[in-house]
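Please treat every number below as a calculation from the coordinates, not as lab data. Remember, it's a predicted structure, so these values are computed and weren't measured experimentally. For neighbour counting, all protein chains shown are included, and Cβ atoms are generated from backbone atoms with ideal geometry for every residue, glycine included.
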There are 2 protein chains.
Amino acid sequence: MMTEFELIARLTRSLPTNTSTVVGAGDDCALIDLGLADRLVLFKTDAITEGIHFTKTAPPEKIGRKALARSLSDVAAMAGTPTHALVTLALPDNFDSGFVERIYAGLRALADQQGIAIVGGETTRNPERMLLSVSVLGTVEKGKSPLRSGSTPGDAIFVTGELGGSLSGKHLDFEPRLAEARWLASHFSIHAMIDISDGLAGDLRHILKASQVGAELLSDAIPISRAAGSAARGASSARPPLLAALTDGEDYELLFAVAAREAAPLLDAWRKQFPELRLSCIGRITAEPGLTIRDKKGVQPLSAHGYVHFQKP
Amino acid sequence: MMTEFELIARLTRSLPTNTSTVVGAGDDCALIDLGLADRLVLFKTDAITEGIHFTKTAPPEKIGRKALARSLSDVAAMAGTPTHALVTLALPDNFDSGFVERIYAGLRALADQQGIAIVGGETTRNPERMLLSVSVLGTVEKGKSPLRSGSTPGDAIFVTGELGGSLSGKHLDFEPRLAEARWLASHFSIHAMIDISDGLAGDLRHILKASQVGAELLSDAIPISRAAGSAARGASSARPPLLAALTDGEDYELLFAVAAREAAPLLDAWRKQFPELRLSCIGRITAEPGLTIRDKKGVQPLSAHGYVHFQKP
């Protein structure tokens, strides 16, 4: 059977386009030129399904918040400002209307906080489980959206926050890095940026593929979340924290590449601007294709299925 | 239990808004002022679910086409031009990738025909059944979008095409009335317009409520489709054709109100411009609230559950 990625690749090959489309499928958001003097329009949609992206027992406000926040994280990756959202609720038979109202309360609170208008809400049926689909419009200054395709050999690779173990809670509570991304794009020449939803290694591969480059990560520099550490201590079957940080999904942090000469000034300026959010330089872009990781034992490839040499002692 | 309409009403009460929102939830599309000199942006999303809006045995190309065409019908009701679309496919376990590719072929063909760019495609899981959600962006000349709220007493009520029996085939094959709606809005003062998705009576009620008016329909003037007639002849349990035309869903025709003095010139001009698409004047807007229908026996109320006096002979 085809994987999701293979299917998407087939479906999005040669999609219909038009002259106002600056970037279509394949980046964090579509970029559209509707004729505004200095801004482009961002367009993105995302869906979450009960039992897959959230459980029935999750606080409904957080379910609603997550449905919107995921798309906002994609707008952040384009250094944009979200402005409008549409919400589709696919409701199971015998849904609880109080639960649905609390989902909406969570959506509303995040929209309010970000100045986003919710300009349509509709419901449809999906008998077995709830599904929420949120579409977002936004704008971005022309020429300021870092695409996945712009990284070049020698670039320093950065990541915000700490990675791994998101499913123990952060996936319902994360902050889309909107202000941080806009600040980065307006002060530095960000060559490529993506939000981490499929895991650091997976999303870095999206940048590498789009930019036709490779990367070498530094094992010691990967920021490992406390949640990834606790998971490893809690169960002998759990994966080592570094592997969790490299491959767990749903971190919703920014991963970006910047010219090496800007790496040090960027770190300094960041610490003044965002003293409470960790920023880590985790490696560099290479001309040779492929993704490798360097640790005390040397450099080894990081396979699609994780870091093959990891063993719990 | 709350009905869908009651729930939507509660959820969409006091949604977050902002200064660029001209029309939010409650019309066929949202209308947004992003700062273009002479145009507003239209934003709409719609979803269809397997087993509810289409069956597993429907030709997949038609399923894809319908998923996009429904939103285009809403863009038509705002007299707009659709420009960009995003597609979310929620796929059941063990989906057939060939079937999914044929769904996309149907989507693509309609997008191509209308000059719409598909600028993103993503998939998610929905284990028991397929669900497609499509979001559409478009634009419309400022001041040219007929809202639901603009009809006034005395207006003539018109409907395009023929109504009823859509589920026997048309619901998978309908033509969004985009060119017709733009022509109407640019040549006449259309006071209110909506596309018929919930049935003539139901959607007319949306206009009446938004405009705080009533309406009287003429029984003899309602254009009844051949499909509604055949259904009535085919089964003794079937509803009379007029009732089907009044209350069946998924007609996707335009329903609009125009000043009475424009009614005759509009009909004349329409017949020259669109000789193959029927246009019917079916009644008038009244100052008294409520929806009534006039037939040989006189005027009687049309209830929310249909035309209560109907009986098969």
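Using only atoms on other chains, find how many Cβ atoms lie within 10 Å of each Cβ of peptide B:274-285 and report the average.
0
Over the whole of B:78-86, what's the average partner chain Cβ count within 10 Å per residue? Rounded to a whole number, please.
4
B:Leu167 to B:Arg271: extension gain in nm, 0.36 nm per residue of separation minus the Cα-Cα distance?
Result for the pair: 34.7 nm of gain on full extension.
Could you give the size of the charge dipole of the range B:148-301 about its Cα centre, using +1 on the Cβ of each K and R and -1 on the Cβ of each D and E, expressed in debye and rounded to the nearest 20?
Its charge dipole is roughly 300 debye.
Can you pull the one-decimal nm distance between simple spin-label points at A:Ser230 and B:Leu36, each 7 Å off the Cα toward Cβ?
For the pair A:Ser230/B:Leu36, the computed spacing is 4.9 nm.
Which of B:Thr160, B:Thr81 comes first, and how do the rest follow, when ranked by fewest Cβ neighbours within 10 Å?
Ordered from fewest to most neighbouring Cβ atoms within 10 Å, B:Thr160, B:Thr81 come out as B:Thr81, B:Thr160.
Order by neighbour count: B:Thr139, B:Thr123, fewest other Cβ atoms within 10 Å first, most last.
Ascending number of Cβ neighbours within 10 Å: B:Thr123, B:Thr139.
Given a cut-off of under 8 Å on Cα pairs at least six residues apart, what relative contact order in percent is computed for the range B:21-76?
Result for the range B:21-76 is 28 percent.
Normalized C-alpha radius of gyration of the range A:172-240, against 2.2 N^0.38 Å?
1.39
Count neighbours as other Cβ atoms within 10 Å of each site's Cβ, and list the trypsin sites (Lys or Arg not before Pro) in the range A:142-219 that are DSSP loop with at most 14 such neighbours.
Passing both the DSSP loop test and the Cβ count: A:Lys142.
Given label points at 7 Å from Cα along Cα→Cβ, what nm distances, shortest first, separate A:Lys297 from the same residue in every other copy?
8.8
Just to confirm the filter: which GluC sites (Glu not before Pro) across the range A:172-277 are DSSP coil and have at most 10 other Cβ within 10 angstrom of their Cβ?
Hits after loop and neighbour filter: A:Glu276.
How compact and how long is the range B:19-141, expressed as Rg and Dmax of its alpha-carbon atoms in Å?
Rg and Dmax of the range B:19-141, Cα atoms, are 15.2, 49 Å.
Starting from the Cα of B:Lys297, draw a straight line to each of the lysines and keep only those under 22 Å, dropping any in the same chain fewer than 8 residues away.
Excluding near neighbours in sequence, the set is B:Lys312.
Treating each Cα of chain B as an identical point scatterer and ignoring solvent, apply the Debye formula and state log10 I(q)/I(0) at q = 0.11, 0.12, 0.15 Å⁻¹.
-0.71, -0.85, -1.31
Normalising by the residue count of the range B:19-141, find the relative contact order in percent from Cα pairs under 8 Å and 6+ residues apart.
37
Mind checking which of B:Ile32, A:Val136, B:Phe99 is farthest towards the positive end of the protein assembly as shown's charge dipole, using Cβ charges of +1 (Lys, Arg) and -1 (Asp, Glu) about the Cα centre?
B:Phe99
Counting DSSP beta bridges in chain A, what percent are antiparallel, to the nearest 5?
75
Just how many % of Cα pairs in the range A:149-212 lie over 12 Å apart, if you round to the nearest whole percent?
Result for the distance tail: 73 percent.
Quantify how strongly other chains surround peptide A:10-23 by giving the mean number of their Cβ atoms within 10 Å of each of its Cβ atoms.
Mean shielding by partner chains, rounded to a whole number: 6.
Over all directions, average the projected area of the Cα convex hull of the range B:1-61 and note it in nm².
Its Cα hull, projected and averaged over all orientations, spans 6.8 nm².
Taking all pairs of different Cα atoms in the range A:156-301, averaging 1/r and flipping that mean, what Kirkwood radius in angstroms comes out?
15.5
Would you calculate the separation in nanometres between label points at B:Asp93 and A:Arg278, each defined as 7 Å from the Cα along the Cα-to-beta-carbon direction?
3.7
Between their Cα atoms, which of B:Lys62/B:Lys170; A:Lys62/A:Lys144; B:Lys56/B:Lys170; B:Lys142/B:Lys170; A:Lys66/A:Lys142 are more than 21 Å away from each other?
A:Lys62/A:Lys144; B:Lys142/B:Lys170; A:Lys66/A:Lys142
Just from its helices, what would the mean residue ellipticity at 222 nm be for the protein assembly as shown, if runs of 4 or more DSSP H residues each count -39500 (n - 2.57) and the sum is divided by every residue, rounded to the nearest 500 deg cm²/dmol?
Helix-only estimate at 222 nm: -9500 deg cm²/dmol.
Can you tell me the mean projection area, over all orientations, of the convex hull of the protein assembly as shown's alpha carbons? Units nm², please.
29.6
Select from the range A:37-94 those trypsin sites (Lys or Arg not before Pro) which occupy a DSSP coil region and have at most 15 other Cβ atoms within 10 Å, ordered by residue number.
For trypsin sites (Lys or Arg not before Pro) across the range A:37-94 that sit outside H, G, I, E and B with at most 15 neighbouring Cβ atoms in 10 Å, the list reads A:Lys56.
Please give the charge dipole size of the range A:19-141, origin at the Cα centre, charges +1 on K and R Cβ atoms and -1 on D and E Cβ atoms. Round to the nearest 20 debye.
300
Only counting other Cβ atoms within 10 Å, I'd like B:Met130, A:Met78 sorted with the fewest neighbours first.
B:Met130, A:Met78
Taking the C-alpha atoms of the range A:108-226, how large are the radius of gyration and the largest Cα-Cα span, Dmax, in Å?
Computed over the Cα atoms of the range A:108-226, radius of gyration and Dmax are 17.3, 52 Å.
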